[in-house]
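See below for the structure under consideration.
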Amino acid sequence: MAQVPTVTGMVEAAQLGTTLIHEHLRNSDEAVHSQWPNAGAVKEDKPYEVPPDEVYDIAVREARAAVDLGVKTIGEPTAMFLGRDVEFMRRVSEETGLQVIPCTGIYTYDYLPQFFMNRDPDQIAELFVHDIEEGIQGTDIKAAFIKCAADEPGVNENIEKVHRAAARASVRTGAPIMAHSRP
């Protein structure tokens, strides 16, 4: 039977149960968080920020609410630029019982750091493949899918590079791609 990687280990596909495929446990800009650790996570309504000391508790509260409604699993598409933190995801999963399927990838509509500007799609794909085959952020947690995005600005050179990298990593590993796009 097919197995799916989660933040707490492999799960038989038949054991996924009710699954929400696009749910974020938290959203935070890595650069902002690194430079200003006192800055909170992103919130969709005013005041648009969750204080750092409340982020985990809110994630646990919302994960428990989903479990209480019969949700057993979420696909967690928090990739680079959204504050991916698989240890955070694992802690929430272990505390709530919610199965969390993590991703690899880059969520951007245009910007790429200099590191990626100087690399081709094959080199970027290698990073995605590492997350899928070896583990994310120095852990044994493996990515199950690849996240990328294209929105109103369109497919420019940087977006094309990320999408080509995602496609190449998908072909190599069989991991599916979740592409965020503007309707």
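The values are calculated or read from the model by the stated rules, or taken from the named source; none is laboratory data. Because the structure is predicted, anything quoted here is derived from the model rather than measured. Neighbour counts are summed over all protein chains in view; Cβ atoms, including those assigned to glycine, are modelled from backbone coordinates with ideal geometry. All accessible areas refer to the heavy atoms of the entire protein, side chains included, with ligands and DNA or RNA removed. Shrake-Rupley method; radii C 1.70, N 1.55, O 1.52, S 1.80 Å.
Observations
- Remark: the chain carries 54 Å² of accessible area per residue (probe radius 1.4 Å; ligands, DNA and RNA excluded).
- Distant-in-sequence amide H partners of Asp29 (H built 1.01 Å from N, under 5 Å): Val42
- Summing Lys and Arg as +1 and Asp and Glu as -1 over all other residues whose Cβ lies under 10 Å from the Cβ of His180 gives a net charge of +1.
- At 1.567 mPa s and 4 °C, Stokes D of region 87-183 from Kirkwood alpha-carbon radius, µm² per second: 93
- Cα Rg, Dmax, the chain, angstrom units: 16.2, 47
- Carbon and sulfur %, accessible surface of region 1-136 computed with the full protein complex present, 1.4 Å: 52
- Burial ranking of peptide ranges 24-31, 63-70 (average Cβ count within 10 Å, highest at the top): 24-31, 63-70
- Karplus (6.51, -1.76, 1.60) ³J(HN,Hα), θ = phi - 60°, over region 102-107, in Hz, Gly and Pro reported as x: x, 10, 10, x, 9, 9
- Dipole in debye (nearest 20) - region 41-183, about Cα centre, beta carbon charges: Lys, Arg +1; Asp, Glu -1: 380
- Pairs exceeding 23 Å between alpha-carbon atoms, taken from Lys72/Lys142; Lys46/Lys142; Lys72/Lys161: Lys46/Lys142; Lys72/Lys161.
- Within the listed set Tyr56, Tyr109, Tyr48, the residue fluctuating most in the Gaussian network model of the chain (springs between alpha-carbon atoms under 10 angstrom) is Tyr48.
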